[in-house]
2 protein chains.
Amino acid sequence: VVINPVEVVRKKRDGIALDKEEILEFIRGAVSGTIPEYQVSAWLMATYFQGMALDETQALTEAMIASGRRVTFTDAHPKVDKHSTGGVGDKVSIILAPLVASLGVHVPMVAGRGLAHTGGTLDKLESIPGFSVSLSIEKFIEQVQTCGTAIMGQSKDFVPADKLLYALRDVTATVECVPLITASILSKKAAEGISGLVLDLKVGNGAFMKSQKDAERLARSIVAVGKGLGLKVRVLITDMNQPLGLTAGHSIEILECIEVLSGNGPSDLRDLTIELASHMLILAGKCSALSAARTMSKRALQNGTALEKFKEMCKHQGASKDPIANPECMTLSPHTATIPAPKKGHVSKINTEALGLLLAATGGGRQKVTDTIDKSVGLRLHTKIGDTVNKGDPLMTVYYNPEKLTTSGIDLTDFSIQLAQCYSITASRVSSPKLIKKVIES
Amino acid sequence: VVINPVEVVRKKRDGIALDKEEILEFIRGAVSGTIPEYQVSAWLMATYFQGMALDETQALTEAMIASGRRVTFTDAHPKVDKHSTGGVGDKVSIILAPLVASLGVHVPMVAGRGLAHTGGTLDKLESIPGFSVSLSIEKFIEQVQTCGTAIMGQSKDFVPADKLLYALRDVTATVECVPLITASILSKKAAEGISGLVLDLKVGNGAFMKSQKDAERLARSIVAVGKGLGLKVRVLITDMNQPLGLTAGHSIEILECIEVLSGNGPSDLRDLTIELASHMLILAGKCSALSAARTMSKRALQNGTALEKFKEMCKHQGASKDPIANPECMTLSPHTATIPAPKKGHVSKINTEALGLLLAATGGGRQKVTDTIDKSVGLRLHTKIGDTVNKGDPLMTVYYNPEKLTTSGIDLTDFSIQLAQCYSITASRVSSPKLIKKVIES
């Protein structure tokens with residue numbers, strides 16, 4: 001089939017559905033470079049305005065999968081994965097993958113890096129000395145088969161169409177588009193060779209999606225297209241109006257993961273992890289009821305099975321030190337500042353995106369793709385929404401990099417003030433936001 | 001002013017008007033290459049969907065003018081020009097420029113090349129041996145001052161932003177967009193240093209605009225933005241449901257131009273030229289009433305003044321032979337075929353776009369930008385809409401290139417049939433379409 005790329009752009013522009021072959025050839029041409037980026041970006045913007053029917057989105061997802069190598073497993077183990085749309089302090093994958101794997105369900109996870117105000121699973125894992133996320137597809141398959149889980153970055157031959165489209169969307173204001181997000185998420189997940197996917201779709205001031213209505217639209221699109229691809233999908237729409245858990249950063253988040261894997265840790269992080277694990281167990285056919293799945297998951301956190309699997313995963317992926325036995329290898333900056341509450345009252349709101357951006361400004365995230373991250377900086381929250389504080393009570397402790405602040409031209413006092421301003425404190429009592437807002441499945 | 005190009009695309013995508021500075025910097029960046037083509041094309045598509053307010057369109061036009069050199073004249077002569085949106089057999093500029101110049105109004109004309117089914121003024125002029133349309137801006141100015149008119153192609157430094165945007169629009173399905181068309185036309189015309197512009201906006205099956213409603217929208221946009229730029233604009237919406245005059249091609253159209261310049265030629269071509277000339281004379285302040293302007297224009301065609309000016313223009317632009325004294329230098333192909341009417345009746349419709357494309361297929365136009373044109377091929381119509389024919393009467397004569405037909409894999413018999421099929425012949429009498437449908441001015 002020979003397509004005329006301008007005509008494909010024109011059809012989409014005019015709201016006419018593209019057929020499977022046209023989409024396949026367009027994506028093929030985009031990846032091979034025979035269709036230039038300026039035509040791809042015009043097509044992306046036309047798609048932003050005109051949307052895509054479900055079968056077009058499915059064809060796009062399939063074309064994207066076909067652009068690279070698809071992981072295939074020959075063993076009979078059920079294989080499920082989780083994907084999160086990202087937020088501040090979202091370290092769930094690092095606990096969840098070994099937890100679910102420890103219960104006999106394989107988790108082949110291709111994860112991402114930090115973006116804007118959010119941290120990335122790969123960056124966090126790399127704060128463990130020696131831990132490598134650059135696995136070949138062969139090594140990835142082998143580790144999943146022997147260890148039950150592996151977490152790796154997107155290698156060059158893994159859904160290259162998504163890499164290309166994502167990079168273009170980022171610079172052409174076409175990120176916020178339901179069919180394009182659907183195809184981006186599902187192409188990567190389906191290429192992992194899984195049969196079930198739990199999506200943690202975050203909504204709130206620390207998420208990329210600010211409105212629940214938009215989140216539900218995306219959830220329904222992902223569930224429907226997933227079904228078309230033969231993938232069982234459950235979407236949990238969860239709150240991201242404050243950091244998840246009590247930490248944000250890199251080394252500091254690994255330490256919090258180990259707390260939860262040891263049966264402790266903050267309740268929101270623990271609860272969400274258990275909930276996501278339970279849905280994964282059901283998709284994998286390990287349990288039929290959520291209550292049983294929850295019990296199974298809790299037990300694996302309490303009896304050390306999940307922690308043991310995490311240790312095994314670290315060893316498989318080259319960790320030179322065991323961060324459980326040697327927590328001091330997870331370096332935290334010695335420069336700390338405690339941010340006091342400016343007045344008495346109740347924490348009613350946390351500007352989570354601003355908090356994430358402030359963390360990035362002291363080296364704890366990327367401001368541009370080429371930035372290197374300082375794994376030792378981070379935040380430890382002492383209060384969250386609903387908590388009562390007196391004037392002067394510590395809101396949070398920041399582990400900062402003084403040199404980075406200097407080169408960024410930020411004064412520590414100003415920085416502390418800006419961190420404090422992320423908190424809203426009101427006179428009236430506020431309740432803690434509900435963590436899981438909705439579950440959507442086909 | 002430093003702009004973030006993604007934010008400019010996002011603003012336009014979200015329907016927020018861009019300010020003058022943003023538009024200026026975006027166009028500057030696009031031309032200098034600091035803003036990559038994929039962002040420009042995403043912006044073009046967003047503009048296609050969201051449109052532009054009149055002041056944005058004006059700012060875009062001004063930014064495009066600022067991208068290159070603007071022609072400036074120091075003499076006191078009024079300067080006006082005409083632009084046509086193009087059609088089949090539209091050779092008006094070649095008659096009009098010398099006609100108006102012969103009446104003391106200077107016409108500095110930057111013209112274009114053939115596109116799709118239409119021919120271009122520059123290509124037609126180049127069929128005169130030695131005639132050059134590649135003038136420097138200095139030579140262009142000098143010729144306008146001494147001869148009263150010059151017709152040249154768009155040199156590299158003449159509105160480079162339009163070249164870039166037009167090339168991108170062509171391959172990203174963003175041609176049909178009123179503010180972008182407005183800015184494209186007006187930037188080139190305003191950069192000619194004129195004070196008045198008459199626009200021949202063609203509508204019909206041989207034009208780029210098929211509906212009168214769309215044409216009127218474009219006309220109002222051009223009149224309003226022209227006013228903002230200090231340019232007096234009149235738009236004539238004219239019929240393009242059949243070729244203008246009786247010829248289409250290159251050499252053959254020059255010969256028809258000479259007929260009209262000699263006071264003869266087909267009435268539709270003569271009438272439209274006189275009408276456009278009359279509006280130009282009024283914009284230039286030469287006449288206050290159209291009737292007086294018409295009389296003046298007709299006289300210049302009849303008494304040889306316009307023809308003399310055409311001869312002078314040819315000499316200035318390097319013609320090695322005078323096509324008036326030596327019409328045989330305008331070579332026509334010796335291979336001709338006459339297309340007979342397949343039945344008795346009245347010519348009710350001519351598929352003008354198809355006719356133009358068939359002409360291009362035998363070398364009389366470009367199928368891609370790099371094609372060279374065979375100036376000796378062409379069409380001579382013997383009948384037009386409203387004419388009565390008997391079966392076997394000649395509808396038209398085609399001057400064709402047998403080699404070109406062979407390399408294109410076209411059989412002469414098939415070709416003749418396809419040409420005949422461009423004509424619709426009905427039993428009931430049909431009237432000739434009204435040539436000038438509407439005049440729009442500010």
Going by the alpha-carbon gyration tensor, a ≥ b ≥ c the square roots of its eigenvalues, is the protein assembly as shown rounded (a/c under 1.5) or, if a/c is not under 1.5, prolate (a/b greater than b/c) versus oblate? prolate
Across peptide A:173-181, how many C-beta atoms of other chains are within 10 Å of each residue C-beta, on average? 3
If you take every DSSP beta bridge whose two residues both sit in chain B, what share of them, in percent to the nearest 5, is antiparallel? 55 percent
For segment B:1-155, please report how many Lys pairs fall under 26 Å Cα to Cα, leaving out neighbours fewer than 8 apart on the same chain. 11
Over all distinct alpha-carbon pairs, what is the Kirkwood Rh of chain A in angstrom? 22.5 Å
Measuring label to label, 7 Å along Cα→Cβ, what does B:S320 give against each other copy in nm, shortest first? 7.8
Summed side-chain charge close to A:A173 - residues other than A:A173 whose Cβ falls under 13 Å, Lys, Arg +1, Asp, Glu -1: +1
J(HN,Hα) series, segment A:9-19, from Karplus relation 6.51 cos²θ - 1.76 cosθ + 1.60, nearest Hz, glycine and proline x: 4, 4, 4, 4, 4, 8, x, 8, 5, 7, 8
Round to the nearest 10 and give me the degree value, 0 to 90, for the angle of helix A:54-66's Cα axis relative to the longest principal axis of chain A. 80 degrees
For the protein assembly as shown, what proportion of DSSP beta bridges, expressed in % and rounded to the nearest 5, is antiparallel? 55 percent
Solvent-accessible area per residue, Å², over chain A with all protein chains present [probe radius 1.4 Å]: 38 Å²
Would segment B:158-244 count as rounded, prolate or oblate if I go by the C-alpha gyration tensor, calling it rounded below 1.5 in a/c and otherwise prolate when a/b exceeds b/c, oblate otherwise? oblate
Long-range amide H partners of B:S84 with built H, under 5 Å: B:D200
From the P(r) of segment A:1-96, could you give the percentage of C-alpha pairs in the tail past 15 Å? 69 percent
Normalised by the number of residues in chain A, what is the relative contact order in percent for Cα pairs under 8 Å and 6+ residues apart? 19 percent
Sequence gap at least 6, Cα distance under 8 Å: using those rules, report the relative contact order of segment A:277-424 to the nearest whole percent. 25 percent
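For n ≥ 4 DSSP H runs only, could you compute -39500 (n - 2.57) per run for chain A, divide by its residues and tell me the 222 nm figure to the nearest 500?
Taken over chain A, the calculation gives -13500 deg cm²/dmol.
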Give a quick list of GluC sites (Glu not before Pro) in segment A:298-388 that DSSP marks as loop, anything other than H, G, I, E or B, with at most 16 other Cβ atoms within 10 Å. none
Per residue of B:10-17, how many C-beta atoms from partner chains lie within 10 Å of its own C-beta, taken as a mean? 2
Report the residue of chain B with the smallest Cβ-to-axis distance, using the rotation axis that brings B onto A, in whole Å. B:M45, 2
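Apply the a/c threshold of 1.5 to the C-alpha gyration tensor of segment A:302-410 and tell me whether it is rounded, prolate or oblate.
It is oblate, given that a/c is not under 1.5 and a/b is not larger than b/c.
Between B:Q367 and B:E142, what FRET efficiency comes out of the Förster formula 1/(1 + (r/R0)^6) with R0 = 35 Å and r the beta carbon distance, rounded to 0.05?
Working: r = 37 Å, r/R0 = 1.05.
The calculated FRET efficiency here is 0.45.
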Ignoring ligands, DNA and RNA and using a 1.4 Å probe, state the total buried accessible area between B and A in Å², rounded to the nearest 100. 1800 Å²
Spelling out what I want: for every residue of segment A:298-315, take phi, set θ = phi - 60°, compute 6.51 cos²θ - 1.76 cosθ + 1.60 (Karplus), and round to whole Hz; glycine and proline get x. 4, 4, 5, 6, 7, 8, x, 4, 5, 4, 4, 5, 4, 4, 4, 4, 4, 5
Would you mind calculating the relative contact order of segment A:218-361 from Cα pairs under 8 angstrom and at least 6 residues apart, reporting the percent as a whole number? 26 percent
What are the residues whose amide H is under 5 Å from the amide H of A:I425, where those residues sit 5 or more places off or on another chain and H is modelled from the backbone? A:S348
Could you compute the net charge surrounding A:L283? Neighbours are other residues with a C-beta less than 14 Å from the C-beta of A:L283; K and R count +1, D and E count -1. +2
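Run the accessible area of the protein assembly as shown with a 1.4 Å probe and give the carbon-and-sulfur part as a rounded percent.
Values: 17210 of 33470 Å².
So the carbon and sulfur contribution to the accessible surface is 51 percent.
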Provide the per-residue ³J(HN,Hα) series for segment B:382-392, in order, calculated from phi with Karplus coefficients 6.51, -1.76, 1.60 and θ = phi - 60°, each as a whole number of Hz, with x at glycine and proline positions. 9, 9, 9, 4, x, 6, 9, 10, 9, 4, x
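The values are calculated or read from the model by the stated rules, or taken from the named source; none is laboratory data. What you see is a predicted model, and the numbers here were worked out from it, not measured in a lab. As a convention, Cβ positions derive from the backbone with ideal geometry for all residues, glycine included, and neighbour counts pool all protein chains shown. Accessible surface areas use protein heavy atoms only, side chains included; no ligands, DNA or RNA. Shrake-Rupley method; radii C 1.70, N 1.55, O 1.52, S 1.80 Å.
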